[in-house]
Every structure is written in C-alpha cells, then in structure tokens.
Amino acid sequence: MTVTRFAPSPTGNLHLGHAYSALYSERVAREEGGKFLLRIEDIDGTRCRSEYIQNIYDDIEWLGVVWDDEVIVQSNRLKFYVTKAEILEQRGLLYPCFCTRKELANINGKELNREKRLYPKTCLRLTNEQVAEKKSQGVPFSLRLNSNKAKEETGKIFWNDQTTGRHEVNYDALGDVVLVRKDIGTSYHMAVTIDDDFQDVTCVTRGLDLVESTHVHRILQSLLGLQVPEWSHHKLIKGSDGNKYSKSNQSLTLKELRESGVSGAEIRKELGF
Ligand code: GLU
C-alpha cells in the first residue's frame, strides 16, 4: 500500500508552497488508495513554536486535507535519533567536528557558490589525542559523516524518483555532512530518515529543493538497514514576483489567507487540485 507524508517544520507559518506540497502528497496517496500521514518536524527547539504547530493543523483543515493515523511529533522521539547516531558512531562512520560557524565561513569563504561548499574535512585530520583534549575542555562539537568510510560500506547505491528517474548517490558532491548538530543533538537528516522508516512511508513526497538531501537519506538507509522508499519530488511553485515561496521571504501565509476570508477550496483550485 502506498504511504505518503507531509512533514512541515513549525519554524514559521505555512505558505502556498506548503499547501501545494500537502495537497500533492495527499493526492499521490489517494490515487493509489493509500495512506497520507502528517508529521511535525520540530527537532529544533530554538526555532519551533507551539503556535506554529496549531496553525499547521488549522491550515491543513482549512485546505480540506485529511490525514490518516496518529500525527508523529519529532520532539517526542529524540531518543531514537540519538540511538541510531550512536550506532553509526560506534562503527566509526561519524567523527567529531569542533569547527565554529565563523571558522567554517572563513574556510569556505572563497567559494563562489555558497550552496555547494563542502566541508574540507579539517577535523578528520585531528589525532585521537587532540580530539580527547578538545572534548575534555568541553569544546562543543557536531558529528559528521565520514563519507569515504560510508562509501566503502555501501558501495554504489541508487534511489528512484517517480518524477526525475533513477539517481546514483554521488558521495563526492555531498561531502561530510553534519548528522548530529552541536546545538540540538540530532539533525533533519537523521530524524526524517528514521521516521520515514518507522512510519513505513513508501513514497517520500516533497519539493525539488530537497533533492540533495535525498542522497544523504539514501546513504543512511543503507548504513542503518532501513526500508528504501520511492521519492516523488514535486515542482516548486512561485509567487507573482517569480521567486519560490519561503518562510524567509515574507511570503503571504496560509493563516493570513484564511483570516482574510479566502476559502481553502479556492486555494485548492488555484493550485490545480
Ligand atoms: N521538515 C522539512 C521542511 O519543512 C521537510 C522534510 C521533508 O519533507 O522531508 O522543510
């Protein structure tokens, strides 16, 4: 049975891009007589707010989107993400990175394309003694994937996107991504992959802006022996200014639309559902 999910982060109010994503996900599930799940991705306690969670429920109901089963709230499941990271760490697949945000900006500052900057593996070169010393001094650290080691374990791996076809995981383009953030003890990558497996999601639906992350998730599935779903990355819808909707560019929110008297049915129609 097809199982899809909509997994917003309550770090702000939802906008039309989220509405599209939720409707798209629900449609994929319903077309195949499957299930559509809702998950609240609130691992970042510093940015998530309970009022945004309530607004997600209100927005979704207003849109007429109906989810199945119980809603999963990630902040209740942190211990599962920590346990899996420990397994990776014990297998030598993660290493501590003590670099500060400022240091990282300086190391990578020369690169033109900020999005494509890869970590130069500075902390991978630390000796065991140096690591032990920094830890004993209480220097905060994140844990990064040792991508060379991971590649040795997984060999060539692939994932299938119902919209863009088959992809091979390109380790070189990913670099040593952070899997355990120093501030919250886990990461989006860990939480989303573990929960998609836990909820038996068969088709991960989300926007094309997250394609890069899918490579990381496919690696984690392979390393942790998790179920491998299909993906369906959908187009990103744009506002009248030609920019994609985002929480940061002050896009009109669903809450504002709702409160101004626009109906959910009108929005569905406008978005093509
Ligand atoms: N929580 C993520 C976000 O709001 C989406 C995660 C996903 O769909 O995989 O951007």
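The values are calculated or read from the model by the stated rules, or taken from the named source; none is laboratory data. Bear in mind the structure is a predicted one, so any value in this text is a computation, not a measurement. As a convention, Cβ positions derive from the backbone with ideal geometry for all residues, glycine included, and neighbour counts pool all protein chains shown.
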Picking from Tyr57, Tyr52, the residue that is within 14 Å of the ligand (Cβ to nearest atom), of a type in the set (Phe, Trp, Tyr) and at pLDDT 95 or above would be Tyr52
By residue number, the members of region 216-242 that are of a type in the set (A, V, I, L, M) and within 13 Å of the ligand (Cβ to nearest atom) are Val216, Leu220, Leu236
Handout entry: Arg206 vs. criteria touching a helix residue (DSSP H, G or I) at 6+ places or on another chain (Cβ under 7 Å), within 16 Å of the ligand (Cβ to nearest atom), more than 14 Å from Leu223 (Cβ to Cβ) and at pLDDT 95 or above
Key = yes
Residue set Ser213, Ser246; condition assigned to a helix (DSSP H, G or I) and within 14 Å of the ligand (Cβ to nearest atom); output residue Ser213
Filtering region 38-49 for residues that are in contact (Cβ under 8 Å) with a residue 60 or more places away in the chain and more than 11 Å from the ligand (Cβ to nearest atom) leaves a count of 2
Only unsatisfied item for Glu212, checking (1) under 18 Å from Ala191 (Cα atoms); (2) surrounded by 12 or more Cβ atoms within 10 Å (Cβ to Cβ); (3) at pLDDT 95 or above, is (3)
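Yes or no: Lys134 modelled with pLDDT of 95 or more and among the basic types (Lys, Arg)? Can you show your working first?
Working: modelled with pLDDT of 95 or more: yes; among the basic types (Lys, Arg): yes.
Yes; evaluated as a whole, the condition is true for this residue.
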Restricting region 128-151 to residues that are out of contact with any Pro (no Cβ under 9 Å at 6 or more places or on another chain) and closer than 15 Å to Leu174 by Cα, the one surrounded by the fewest Cβ atoms within 10 Å (Cβ to Cβ) turns out to be Asn148
Note on region 197-209: residues more than 11 Å from Asp161 (Cβ to Cβ), part of a helix (DSSP H, G or I) and not aromatic (Phe, Trp, Tyr) are Asp197, Asp209
- prompt: Looking at Ala173, is it more than 12 Å from the ligand (Cβ to nearest atom) and among the small types (Gly, Ala, Ser)?
  reply: yes
For region 1-34, the count of residues that are of a type in the set (D, E, K, R), crowded, with 23+ Cβ neighbours inside 10 Å and either more than 10 Å from the ligand (Cβ to nearest atom) or closer than 17 Å to Ser263 by Cα (or both) equals 1
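When you scan region 177-196, how many residues do you find that are in a loop (DSSP other than H, G, I, E, B) and either of a type in the set (Gly, Ala, Ser) or over 18 Å from Asn148 (Cβ atoms) (or both)?
Pass one, region 177-196, residues in a loop (DSSP other than H, G, I, E, B): 177, 181-187.
Checking which are either of a type in the set (Gly, Ala, Ser) or over 18 Å from Asn148 (Cβ atoms) (or both) leaves us with 181-187.
Selection size over region 177-196: 7.
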